[in-house]
1. Given the structure, is Gly171 open to solvent by 10 Å² or more (accessible area, probe 1.4 Å) and in contact with a helix residue (DSSP H, G or I) (Cβ under 8 Å, 6 or more places away or on another chain)?
2. Is it the case that region 36-57 has a residue that's modelled with pLDDT of 90 or more, of a type in the set (A, V, I, L, M, F, W, C) and surrounded by fewer than 16 Cβ atoms within 10 Å (Cβ to Cβ)?
3. Across region 15-35, which residue is modelled with the lowest pLDDT among those that are surrounded by fewer than 23 Cβ atoms within 10 Å (Cβ to Cβ) and of a type in the set (S, T, N, Q)?
4. Let me confirm something: among Tyr165, Tyr100, which residue is under 28 Å from Glu47 (Cα atoms), hydroxyl-bearing (Ser, Thr, Tyr) and either buried (at least 19 other Cβ atoms within 10 Å of the Cβ) or modelled with pLDDT of 95 or more (or both)?
5. Are any of the residues in region 135-142 out of contact with any strand residue (DSSP E or B) (no Cβ under 9 Å at 6 or more places or on another chain) and open to solvent by less than 30 Å² (accessible area, probe 1.4 Å)?
Amino acid sequence: MNTQRFYPPSEWKRTKHNANFIGLIRLINELSIFVEGGNIEVNFSEEPTMIEIGSYMGESTMMFASSGIFKKIYTIDPHDGDEKFNKKYNITWDWVKTQYQLNTRHFKNISLISDYSYNVDYLFDDNSIDFIYIDGNHSYESVKKDLKLYLPKIKNNGVIAGHDYSTEYSGVMDAVNEILGEPNLTFPDSSWIYIKKNKSLL
């Protein structure tokens, strides 16, 4: 199994891959606490549903599915477009998508939507999703657009989260802080969590 974040092949950058794994584990543990009623500010449904924007090779998708928390997981990724990681390591989108299929092959509750997130927001009703994880295009404008399009999809007292909330990706931080304010929680892999408490954010 090849992954970008957790166990990359030897020629890929290895620094911080332990933090990437542990950080996501801690985020998922926090979600399990929410499901069990350990945070009165969060109210997940009995059969929680999530959306992941930007699944790439599917390693985080596999981790979310392995948790057993979610009845249904929708992943949104066109597996297309300009990607620095592909260029740097001379890999194709077909190869990336093959890794996604391998990493998620054991889970029947995962559905891949092969498109850009801004084209498919209409597929989801407002106030219908328990958890959304944003890890697509990391530019300020793209993250801001994802937040504006998908925040209404989350139920009140649901959770929106994402990856790369760090100074390395200032566009992510700026967009999150502008639309939501500072996250409720951050993790060693630069993931973040924000609890949606009302409808007045946008």
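The values are calculated or read from the model by the stated rules, or taken from the named source; none is laboratory data. On a predicted model such as this, the values are computed, not experimentally measured, just so you know. Methodologically, a virtual Cβ is constructed for each residue, glycine included, from the backbone with ideal geometry; neighbour enumeration extends over all protein chains shown. The accessibility values were calculated without ligands, DNA or RNA, using every heavy atom of the protein model including side chains. Shrake-Rupley method; radii C 1.70, N 1.55, O 1.52, S 1.80 Å.
1. yes
2. Scanning region 36-57 turns up no residue that is modelled with pLDDT of 90 or more, of a type in the set (A, V, I, L, M, F, W, C) and surrounded by fewer than 16 Cβ atoms within 10 Å (Cβ to Cβ).
3. Here the answer is Thr15.
4. On inspection, the qualifying residue turns out to be Tyr100.
5. No, every residue in region 135-142 fails to be out of contact with any strand residue (DSSP E or B) (no Cβ under 9 Å at 6 or more places or on another chain) and open to solvent by less than 30 Å² (accessible area, probe 1.4 Å).
Quick grid of which residues meet (1) without any contact (Cβ under 8 Å) to a residue 24 or more places away in the chain; (2) at negative phi; (3) crowded, with 19+ Cβ neighbours inside 10 Å:
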{"position": "Lys88", "(1), (2), (3)": "yes, yes, no"}
{"position": "Asn127", "(1), (2), (3)": "no, no, no"}
{"position": "Ile154", "(1), (2), (3)": "no, yes, yes"}
{"position": "Asn157", "(1), (2), (3)": "no, no, no"}
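Table: residues versus (1) over 20 Å from Asn20 (Cα atoms); (2) in a loop (DSSP other than H, G, I, E, B).
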| position | (1), (2) |
| --- | --- |
| Thr75 | no, no |
| Gly81 | yes, yes |
| Lys87 | yes, no |
| Trp95 | yes, no |
| Thr98 | yes, no |
| Asp115 | yes, yes |
| Ser142 | yes, no |
